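Single-structure report; data block below.
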Amino acid sequence: MDTYLIPILSMGGLGALLASVLVLADSKLRVQEDPNIDLVEEELPGANCGVCGYPGCRQFAEQVVAGKLDPTECRPSNSAAIEAIAGILGIEVEVGVPLKARIRCLGGMAEAGTRADYAGVEDCRAAALVGGGNKGCVYGCLGFGTCVESCPFGAMRMDANGLPEINDDLCTGCGICTEACPKKIIDLVREGEKVLIGCSSPEKTKAVKEVCSRGCIGCSLCAKVCPVDAIVMDGNLPNIDQEKCTACGDCIDRCPTDSLLEPQINHILLIRQKKEAV
């Protein structure tokens, strides 16, 4: 009996000793987390998109609580969430104008032709690797919806004409779609921008007309009719100074190819109705 009892007691005692050592080590070495980390994480979008440079919202929250990052560096966060985080931490933050994604291409299936058949993977990045894609305009949207698939907030969808549409109510301005687009035709602009150019082609008139009916032909008529000189030509594309722009709509009315976008279409239509009434 003693032959078995002694080893059992010895092993049991050794186990108890090691357990005590582990409990003591845990109590001495445990890192106490700041409870504010949980509170900050609850205010974050929870998309774990990695745009901030960290693998997830938890890691971002840790850096914010430690004072190493500003809450505004989470681009998908809205102003209410950022202000809530500032309140939790007792700090002041300056919330800027929200950013929204904008597509700088109006050449869908009806407006832009193709120069080849593509039978590969239906992914814009894959298609772009094959001679720049099958579209006639090498600068235009390829239409396979890679940006839509990349959006973690469900703010994008492909329309019936093969172009992405953006739901501003869901868009957080995170910029993931801009990185996913191989043609780099998605810009992040401040919410409230008045008039935007819906073309990315730097080509001249003839080359543009051959591949797209909605492409900017560089005629500069928009710049000429602008009453506040808010538009200057940058090569063959107009550059619009949003600070000067009054959303009068003159440039949009004068554009022969309808290549200017109206992000604030209701506001612009209201201005037009007032002008017509006068």
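The numbers here are math on the coordinates, done by the rules we state, and not lab data. Just so we're clear, the structure is a prediction, and the values are computed from it rather than from any experiment. As a convention, Cβ positions derive from the backbone with ideal geometry for all residues, glycine included, and neighbour counts pool all protein chains shown.
Brief remarks follow.
- Summing Cβ point charges (Lys, Arg +1; Asp, Glu -1) relative to the Cα centre of segment 36-89 gives a dipole of roughly 180 debye.
- Placing unit charges on the Cβ atoms of the charged side chains and taking the dipole of the chain about its Cα centre, the candidate lying farthest along the positive direction among G132, V121, N36 is G132.
- The simple Förster model, with R0 at 35 Å and r as the Cβ-Cβ distance, assigns E262 and E92 a FRET efficiency of 0.45.
- Spin-label pair E165/E243, simplified geometry with 7 Å Cα→Cβ offset, distance in nm: 3.6
- Under 5 Å, built H, 5+ apart or other chain: amide partners of R115: K135, G136
- Cross-link partners of K244 among aspartates and glutamates (Cα-Cα below 19 Å; sequence separation of 8 or more within a chain): E191, E193, D229, D234, D253, E262
- Residue of E92, E149, E262 that the Gaussian network model of the chain assigns the largest fluctuation, springs spanning Cα pairs under 10 Å: E92
- Size of electric dipole in the chain: Cβ of Lys, Arg +1 and of Asp, Glu -1, about Cα centre, debye, nearest 20: 1220
- Segment E191-V228, length gained on full extension (0.36 nm per residue, minus Cα span): 11.2 nm
- For segment 212-227, Karplus couplings with θ = phi - 60° (6.51, -1.76, 1.60), whole Hz, Gly/Pro x: 7, 7, 10, x, 6, 9, x, 6, 6, 4, 4, 5, 5, 8, 5, x
- Listed by number, the DSSP H helices of the chain that run 20 Å or longer by alpha-carbon position along their axis and have mean Kyte hydropathy of at least 1.0 are 2-29.
- A crude spin-label estimate for the pair F153 and N48, with each label 7 Å from Cα along the Cβ direction, gives 1.9 nm.
- Dipole magnitude for segment 77-166: about 300 debye, using +1 per Lys or Arg Cβ and -1 per Asp or Glu Cβ, origin at the Cα centre.
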